[in-house]
Every structure is written in C-alpha cells, then in structure tokens.
1. Run lengths n ≥ 4 of DSSP H only: what is the helix-derived mean residue ellipticity at 222 nm for the chain, with -39500 (n - 2.57) per run over all residues, to the nearest 500?
2. If you take every residue apart from residue 37 with its C-beta less than 11 Å away from the C-beta of residue 37, what net charge results, scoring Lys and Arg +1 and Asp and Glu -1?
3. Specify the angular offset, from 0 to 90 degrees and rounded to the nearest 10, of the alpha carbon long axis of helix 214-225 from the longest principal axis of the alpha carbons in the chain.
4. Just one of [x] 157; [y] 124; [z] 148 is volume of the Cα convex hull per residue in Å³ calculated from these coordinates, so which is it?
5. Quick one: compute the contact order of the chain, relative version, from alpha carbon pairs under 8 angstrom and 6+ residues apart, as a percent.
6. Which of 12, 75, 53 sits farthest toward the positive end of the charge dipole of the range 1-103, with +1 on the Cβ of Lys and Arg and -1 on the Cβ of Asp and Glu?
7. For each pair in 85/152; 204/226; 134/213; 2/256; 215/256, compute the distance between the two Cα atoms and list the pairs where it is over 22 Å.
8. If packing is taken as the average count of other Cβ atoms within 10 Å, what order do 241-247, 2-8, 103-109, 211-217 fall into, highest mean first?
Amino acid sequence: MKDSEKIVLRDIKRILLCIVAGVIISINLKSFVHAGGLLPGGFSGLTILIQNLAERFLSLELPYGPIYLALNALPIVISFRAIGKKFTLFSCITIVMTSVLTDMIPVQPITYDVLLTSIFGGLINGVAISLCLKADATSGGTDFISIYISEKYGLDAWNYILIFNACVLAVNGALFGWDKALYSIIFQFTTTQAIHGLYKRYWKNTLLIVTDKPKLVTDAIYRLTKHGATDISGIGSYQETPRTVVYSVVSTTDLKKVICEVKQIDPCAFINVIKTDQVEGRFTLPKTD
C-alpha cells in the first residue's frame, strides 16, 4: 500500500472516530447529564451553566449548539495556528456534531439515581474524549488548552483543567445548590480517570535491554521513536561474559513496537520496562498534524 493511501485510510479512521465521539457525547448529555442535573467539565459545563443562568434570571431557554460553538471559536483559531491544522479540523467535526445533535436528540433519562449518573456518565464521557484523542483530535473547549500545554511542555495537563472546572462548579453550586455541584465533581473526576487509563500518549517508559546486538537495537529504537539510546558496558555474572545494556526512554504508544522489534533482532535479549513519571532533558513526541 502506498504512503498516500495509508494517509487517506488513517484520515478516514480519524473522521469516523470523531463522529462516533460526537454522537456519544451528545447522547450522554441528554441522558446521564440531563437526568442528574450535572455539570460536565470544560465548555460543555460552561454552556449548560449559561443556559441555566438565562433560564433562571431572564426566563430564556437558550439552545445548546450556538453557545457551545461561540465558546469554541477562539480556542479553534488558537489551535489552528499553534497545534495543527488537521488536528483542529478533525476536532471541529466532533464540536459540530455535539452542537447539532445535543439540540436534536430528545431527553432520554436512563436512571435518575444521581450517583449512578455521575459515575457512568463520567465514564462514558471519558471514553468519548479518549476516542477523539486516539484520532489525534479533541472534543473542543478546554481540551484544546490541555493538548497545547501537553504538546509544548510534555506534561499531562488534564488535572490542571480541573481548576477551571472547579470555578464553574463553584458558581453553579452557589446559585443552584451544592448537592449537584458535588456530584458533578464525581462526574468530572471519573471522566479524568477514564482518560488517564485509556489515553497514554504522554506516558513514558524506561527500557533497560541486555543484548549482544546493541548497535542494531539502538538503530531500531531511533528508527521507530526518533529517540536515541545509551550503551552501558557490563559483565554477565553467571558466565562472566561481556554484556551491553541499552538504556532508553520511550513513550507508551511506542513501547510495544519497540519490544517486538528488539525481540526480532535478538530473541535472547533481556528487556526490563520501568514506568517513568518524569523526564528532564531532551525528549520529544511526534508533532500533531
């Protein structure tokens, strides 16, 4: 298959993932979120807060779509310039799908138990956002900000977005009651944990590879990940023979293919994988297109 055909197939897959994510988010908003009176994270929560404020103080029922699109306008422009063009365009698919479908889909409560809606609604929301992220896109709003911070500084920035969400929840709690605001915290926490578990782009792993073919192994690591490696000379204690330990740090998304390649090069290689919380120094991730 030609490279151009691979790119087209990959883009089609990304589009489908973004469409599915938009559908799931919309259904979740009109089932779990609406039934529980919850406030989801990000601009979805801010949109619902604006709707609630307009209904309470102005007696106006504002549609979800136009408000959500208006809030996303500036982040879309910033993302297009600072993150990536395709990334932004695919993200817009999810944003438009969510904006349109949320106003079209009728309210369909699955359960009125607020704790259940908080937990399962948060899980479904996290799965939907993870689908966007796997498509190298996002569901919009504060996710743009989180991706920008993560790409620029190599940090997992999802927990920082909780500060913005906390402010929205504080306003909602002060005006409409703290019970639903506290349940909304459970919803957002569950969403964040689901994303952490499903999306591993910013997770890192240290590889310690004992091999007799260090040159081939280091070449493979660089070819697959664009990261270098360090060779450490040692002696095997059992047979007292010279050994080389290849040391490198790779992202979790690259880990499986690196291990498979190393095992093909040296079936007798000993590979130790260590989870790495933080790396200081030169460590780059593939650019978002």
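Read-outs throughout are calculated quantities, based only on the coordinates presented, and are distinct from any laboratory measurement. Only a predicted model underlies this, so the values are computations on that prediction, with no experimental measurement involved. Neighbour counts are summed over all protein chains in view; Cβ atoms, including those assigned to glycine, are modelled from backbone coordinates with ideal geometry.
1. Here the helix-only value at 222 nm equals -21000 deg cm²/dmol.
2. 0
3. For helix 214-225, the angle is close to 20 degrees.
4. [x]
5. 21
6. 12
7. With Cα atoms farther than 22 Å apart: 134/213; 2/256.
8. Taking the mean over residues of other Cβ atoms within 10 Å, the ranking is 211-217, 241-247, 103-109, 2-8.
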